[in-house]
Amino acid sequence: MIIAQIADTHLVAADAADQVSRARAEDLRACIADINGLAPRPDAVIHTGDVTQHGQAAEFTHARSLLAALEMPLYVTPGNRDGRAGVMRAFASDGYMLPDCAFVHYAVEAHPVRLVAVDSLADDGGAKGDLCHARLAALDATLAEAPARPTALFMHHPPFDVPAAPDPFAYQRRRAADDLAAVVSQHPQVVRIFTGHMHRPWTATVGGVAASTVPSVAIDRRYGHYAATMAGRPVYHVHRFEGDWGFASETRLVGSGADPL
């Protein structure tokens with residue numbers, strides 16, 4: 001199975017006139033065109049949150065119009081900029097996400113690797129994440145339903161420290177990440193955790209499972225040090241499932257004659 005991962009597109013409404021807003025839309029268009037042109041083509045695309053900048057209806061409408069160009073299934077989990085209600089309204093009609101739930105939690109069964117979305121948003125609407133007992137219990141129950149199927153989790157906030165970031169820990173409480181790691185460690189079929197939020201690449205382990213962040217699609221929001229050849233060019237991640245070995249991941253550099261890094 002091949003998964004393309006995008007995150008942190010931070011889109012605003014389509015009629016925004018400023019150059020930064022237009023550039024973000026073009027960054028996403030370029031990524032989508034590159035994803036559609038991959039051979040072999042990904043089986044699915046995951047967006048690990050912050051689809052929009054302010055969580056407004058017009059921003060989600062713009063995002064949907066752009067993401068509609070993807071030629072493979074798309075699965076979304078909410079970022080702190082989006083809010084869970086906005087994500088539900090925008091994407092529940094696609095059928096994989098239940099509308100009007102307390103939190104965005106679902107499993108996708110249609111691929112060789114089971115995909116499970118985890119809602120990491122704090123209930124107070126803050127930028128940092130959190131995981132309540134109900135969400136952790138729902139995750140534990142969902143994982144228990146298919147103990148023999150390789151499973152990947154995807155969520156917005158990385159449940160591990162990113163030391164290179166100005167604020168290395170993305171959660172309100174250290175206990176939230178520890179509790180998630182405890183749940184994951186009880187389910188050996190979990191082979192990978194994909195996240196966003198930090199706008200830079202990083203890798204770690206959570207409950208003995210490899211976990212990673214992805215750079216922001218929005219170039220103006222991308223953090224970290226990048227080679228000169230990457231300046232002004234969007235990047236995203238491609239994850240290839242290698243059976244017993246788990247996922248092999250690469251950074252895809254978008255542009256003319258782009259090659260994976």
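Nothing in this text is a laboratory measurement; each read-out follows from the coordinates by a stated rule. Please read these numbers as outputs of a predicted model, since none were measured by experiment. Note: ideal-geometry Cβ built from the backbone for every residue, glycine included; neighbour counts use all protein chains shown.
Yes/no matrix, rows are residues, columns are (1) β-branched (Val, Ile, Thr); (2) free of Cβ contacts under 8 Å to residues at least 24 places away in the same chain:
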| position | (1), (2) |
| --- | --- |
| 168 | no, yes |
| 180 | no, no |
| 200 | no, no |
| 206 | yes, no |
| 227 | no, yes |
| 254 | yes, no |
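Scanning the range 1-32 for residues that are part of a helix (DSSP H, G or I) and in contact (Cβ under 8 Å) with a residue 60 or more places away in the chain returns 20, 23, 24, 27, 28, 30, 31.
If you check 48, 52 for being of a type in the set (Val, Ile, Thr) and within 11 Å of residue 217 (Cβ to Cβ), only one passes: 48. In the range 112-130, is there at least one residue being surrounded by 12 or more Cβ atoms within 10 Å (Cβ to Cβ), under 19 Å from residue 182 (Cβ atoms) and among the hydrophobic types (A, V, I, L, M, F, W, C)? Within the range 112-130 (the criterion being surrounded by 12 or more Cβ atoms within 10 Å (Cβ to Cβ), under 19 Å from residue 182 (Cβ atoms) and among the hydrophobic types (A, V, I, L, M, F, W, C)), the answer is yes, since at least one residue qualifies.
Residues that are outside any loop (DSSP other than H, G, I, E, B) and under 15 Å from the mean Cα position of the chain (by Cα) within the range 87-112 comprise 87, 91, 106, 107, 108, listed in sequence order. Cβ-Cβ distances below 8 Å connect the following pairs, each with a first residue in the range 65-93 that is among the basic types (Lys, Arg), a second residue that is part of a helix (DSSP H, G or I), and a separation of six or more residues or different chains: 89/57; 89/60.
As for the range 235-251, it holds no residue that is over 18 Å from residue 120 (Cα atoms), within 15 Å of the chain's Cα centre (by Cα), outside any strand (DSSP E or B) and touching a residue at least 60 places away in the same chain (Cβ under 8 Å). Inspection of the range 160-176 identifies no residue that is surrounded by fewer than 17 Cβ atoms within 10 Å (Cβ to Cβ), within 20 Å of residue 134 (Cα to Cα) and among the aliphatic types (A, V, I, L, M). Restricting attention to the range 29-68, the residues that are small (Gly, Ala, Ser), under 21 Å from residue 122 (Cα atoms) and out of contact with any His (no Cβ under 8 Å at 6 or more places or on another chain) total 2.
When the range 224-234 is filtered for residues that are among the hydrophobic types (A, V, I, L, M, F, W, C) and outside any helix (DSSP H, G or I), the ones remaining, listed by number, are 227, 231.
Close Cβ contacts (under 9 Å, 6 or more residues apart or on different chains) running from residues in the range 123-138 that are in contact (Cβ under 8 Å) with a residue 60 or more places away in the chain to residues that are assigned to a loop (DSSP other than H, G, I, E, B) and loosely packed, with under 14 Cβ neighbours inside 10 Å are absent.
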